[in-house]
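A.B. asks: Here you go, one structure.
The values are calculated or read from the model by the stated rules, or taken from the named source; none is laboratory data. Just so it is clear, the model here is predicted, and its values are computed rather than measured. Neighbour counts are summed over all protein chains in view; Cβ atoms, including those assigned to glycine, are modelled from backbone coordinates with ideal geometry.
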Amino acid sequence: MDIVFIRQLQIETVIGIYDWERTVRQQLWLDLEMATDIRPAANSEDIQFALDYHAISVRLDEFVSGRAFALIETVAEQCAALVMQEFGVPWLRLTITKPTAVPAAHAVGVTIERGSLDRGGRP
């Protein structure tokens, strides 16, 4: 299994359960690890055979910044489904961090894994 990753993709959105949170945009950080086979892209040097992390980043930014959410759990589930469906990713690990949620903590968030890998470790 090969992994394409995106680290600390910063996206602003309306997120939270408190009234004041519904009136401001807050930053989320997204970290993704996505299963793929990089060999076709490596052998051809053709982007059409690669998992396009730029296109995924742009799509996630459009999706998250264009909506309002109450919970980061909802953001995580919807982003995972989007990436798997629109980009054909069979397995991913996604961490969503809300850096300003708890003043005494550096950051809080959730990590989810979705999809599956076969016994041989290939997507």
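A.B. asks: Out of segment 37-58, which residues are closer than 15 Å to Phe5 by Cα and in a helix (DSSP H, G or I)?
C.D. replies: Hits for segment 37-58 are Tyr53, His54, Ala55, Ile56, Ser57, Val58.
A.B. asks: Does segment 31-49 contain any residue that is closer than 19 Å to Ala107 by Cα and under 15 Å from the mean Cα position of the chain (by Cα)?
C.D. replies: yes
A.B. asks: Could I ask something else about it? Return the only residue of Val64, Val83, Val89 being in contact with a Ser or Thr (Cβ under 6 Å, 6 or more places away or on another chain), at pLDDT 95 or above and not in a strand (DSSP E or B).
C.D. replies: Val64
A.B. asks: Among what's in segment 76-86 and is crowded, with 19+ Cβ neighbours inside 10 Å and of a type outside the set (Gly, Ala, Ser), pick the residue that is farthest from the chain's Cα centre (by Cα).
C.D. replies: Once the filter is applied, the top-ranked residue is Val83.
A.B. asks: Could I ask something else about it? Which of the residues that make up segment 80-101 are among the charged types (D, E, K, R) and either touching a Cys at 6+ places or on another chain (Cβ under 9 Å) or farther than 17 Å from Met1 by Cα (or both)?
C.D. replies: Glu86, Lys98, listed by residue number.
A.B. asks: Cβ-Cβ distance below 8 Å, separation of 6 or more or different chains: which pairs start in segment 98-119 with a residue that is more than 20 Å from Glu73 (Cβ to Cβ) and touching a residue at least 24 places away in the same chain (Cβ under 8 Å) and end on one that is outside any loop (DSSP other than H, G, I, E, B) and not aromatic (Phe, Trp, Tyr)?
C.D. replies: Cβ pairs passing all conditions: Leu117/Ala35.
A.B. asks: Within segment 10-30, take every residue that is among the polar types (S, T, N, Q) and either assigned to a strand (DSSP E or B) or under 20 Å from Ala81 (Cβ atoms) (or both) and give me the one that is farthest from the chain's Cα centre (by Cα).
C.D. replies: Gln26
A.B. asks: Tell me which of these Ile17 doesn't satisfy, since it passes every other one: (1) β-branched (Val, Ile, Thr); (2) free of Cβ contacts under 8 Å to residues at least 60 places away in the same chain; (3) in contact with a helix residue (DSSP H, G or I) (Cβ under 7 Å, 6 or more places away or on another chain).
C.D. replies: In the conditions (1) β-branched (Val, Ile, Thr); (2) free of Cβ contacts under 8 Å to residues at least 60 places away in the same chain; (3) in contact with a helix residue (DSSP H, G or I) (Cβ under 7 Å, 6 or more places away or on another chain), Ile17 misses (3) alone.
To keep it simple, each residue is scored yes or no on (1) within 25 Å of Ser116 (Cα to Cα); (2) surrounded by 12 or more Cβ atoms within 10 Å (Cβ to Cβ); (3) of a type in the set (Asp, Glu).
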residue	(1), (2), (3)
Val14	no, yes, no
Asp19	no, no, yes
Arg22	no, yes, no
Arg59	yes, yes, no
Gly66	no, no, no
Phe69	no, yes, no
Thr74	yes, yes, no
Gly88	yes, no, no
Leu92	yes, yes, no
